[in-house]
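One structure is given below, encoded as structure tokens.
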Amino acid sequence: MIPASICSVMHPPKVRCEMPQAPMRIKVINPNTTVSMTDKIGAVARSVASSGVEIITCNPESGPAAIEGHYDEAVGTVGLLDEICKGETEGIDGYVIACFGDPGLLAARELAKGPVLGIAEAAMHAASFISTGFSIVTTLGRTRVIAQRLVHNYGMTPFCRKVRAIDLPVLSLETPDARAAILQECRLALEEDHCGAIILGCGGMADLSAQLSQELGVPVIEGVSVAVKLVEVLVSLGLKTSKVGDLAYPTCKSD
Ligand code: 5HY
């Protein structure tokens, strides 16, 4: 339910006021409730953000500790959209949805004035600029279908060689076993899929791309960094989410 307070933001009074140019503020939202993952994602986002760009990170207070399927995505999306609503009252310029399923992406774009990017969409486009084919390495096998559907929806089928999974849970990514499994799956992708780049299919893998890329000798892309930089570019070009048609603000349901 869109709180009435947000409606005034979405439908502000027709009063122009010239405000001094404030620094760019990008809100990076981890839709699961695992704070250590939010912190990791935030560290990666801040490591690539331009000077003068403020990165605000958050996760919902309630919801799934990890998003590992359709149900988790549906439940996690509620908290994610609440964070977007809050951001709209905080003067946030753009958003990153830091979960590889890009949950709630279009709904978030309805709510937001500025651009909203999901890490999967951002990573896939980046990979398509530097290779003719990429493979994705994600966590549980059951979530491969989510990435496969995104590949299709984003028009990336000609580029995606395979969606692979290490079949370990999201919250195990800090363990040495998980990191070894990711490296091994990346090696198989290079040997078997004939891909030129690899995408890490989980926000919790965001801190692994540089080391893997160096070890494997190919571009290993994680979507947090790409999404932050793309939001920066869009905001700096003055490009906001179109409010004509299906991404217009949600209609206010006055009681
Ligand atoms: C993510 N789940 O990026 C997704 C992707 C996955 O809690 N953060 C999650 O690993 O399925």
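Read-outs throughout are calculated quantities, based only on the coordinates presented, and are distinct from any laboratory measurement. Note that the coordinates shown come from a computational prediction; the quantities given were computed from them, not determined experimentally. FYI the Cβ positions are ideal-geometry reconstructions off the backbone, even for glycines, and counts take in every protein chain you see.
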In a Gaussian network model over the chain where Cα atoms closer than 10 Å are linked, find which of MET124, MET156, MET205 has the largest mean-square fluctuation.
MET156
Rank THR38, THR175, THR139 by mean-square fluctuation in a GNM of the chain with C-alpha springs under 10 angstrom and give only the top-ranked residue.
THR175
Ellipticity estimate at 222 nm from DSSP helix runs (n ≥ 4, -39,500 (n - 2.57)) divided over the chain, nearest 500
-13500 deg cm²/dmol
Once phi for every residue in segment 106-113 is put through the Karplus expression 6.51 cos²θ - 1.76 cosθ + 1.60 (θ = phi - 60°), the whole-Hz ³J(HN,Hα) values, with Gly and Pro written as x, are 5, 5, 5, 5, 5, 6, 8, 7
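For a protection proxy built on the mean count of beta-carbon atoms within 10 angstrom, sort 167-173, 227-233, 117-123 highest first, please. Walk me through the numbers before you get to the answer.
On the way: 167-173: 17.9, 227-233: 22.3, 117-123: 26.7.
The most tightly packed comes first, giving 117-123, 227-233, 167-173.
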Counting only residues 5 or more places away or on other chains, whose amide H sits under 5 Å from the amide H of ILE199 once H atoms are built in the peptide plane?
SER135, ILE136, VAL137, ILE221
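Can you sort ASP177, ASP193 by how many other beta carbons sit within 10 Å, fewest first?
Neighbour counts put them in this order, fewest first: ASP177, ASP193.
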For segment 120-223, what does the convex hull of the Cα positions come to per residue, in cubic angstrom?
81 Å³
How long is the chain along each principal axis, judged by its Cα atoms, biggest number first, in Å?
60, 34, 32
Considering the options MET205, LEU190, ASN153, tell which one lies farthest towards the positive end of the dipole of segment 120-223, charges being +1 on Lys and Arg and -1 on Asp and Glu at the Cβ, about the Cα centre.
ASN153
Separation of segment 122-181 and segment 237-255 by C-alpha centroid, Å?
31 Å
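If you place +1 on the Cβ of every Lys and Arg, -1 on the Cβ of every Asp and Glu, and leave all else neutral, what size is the dipole of segment 126-255 about its Cα centre, to the nearest 20 Debye? Mind dumping the intermediate values first?
Working: 12 positive and 13 negative charges, 94 e Å.
For this selection, approximately 460 debye.
Using the number of other C-beta atoms within 10 angstrom as an exposure proxy, rank VAL235, VAL116 with the fewest first.
Numbers: VAL235 18, VAL116 28.
With the fewest neighbours first, VAL235, VAL116 line up as VAL235, VAL116.
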Reachable lysines from LYS240, criterion Cα separation under 29 angstrom, eight or more residues apart if same chain
LYS14, LYS27, LYS40, LYS86, LYS113, LYS229, LYS253
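For LEU216 and CYS252 in one chain, what is 0.36 nm times their gap in residues minus the Cα-Cα distance, to one decimal in nm? Before the final figure, lay out the partial values.
On the way: separation 36, 0.36 × 36 = 12.96 nm, distance 5.11 nm.
Length gained, LEU216 through CYS252: 7.9 nm.
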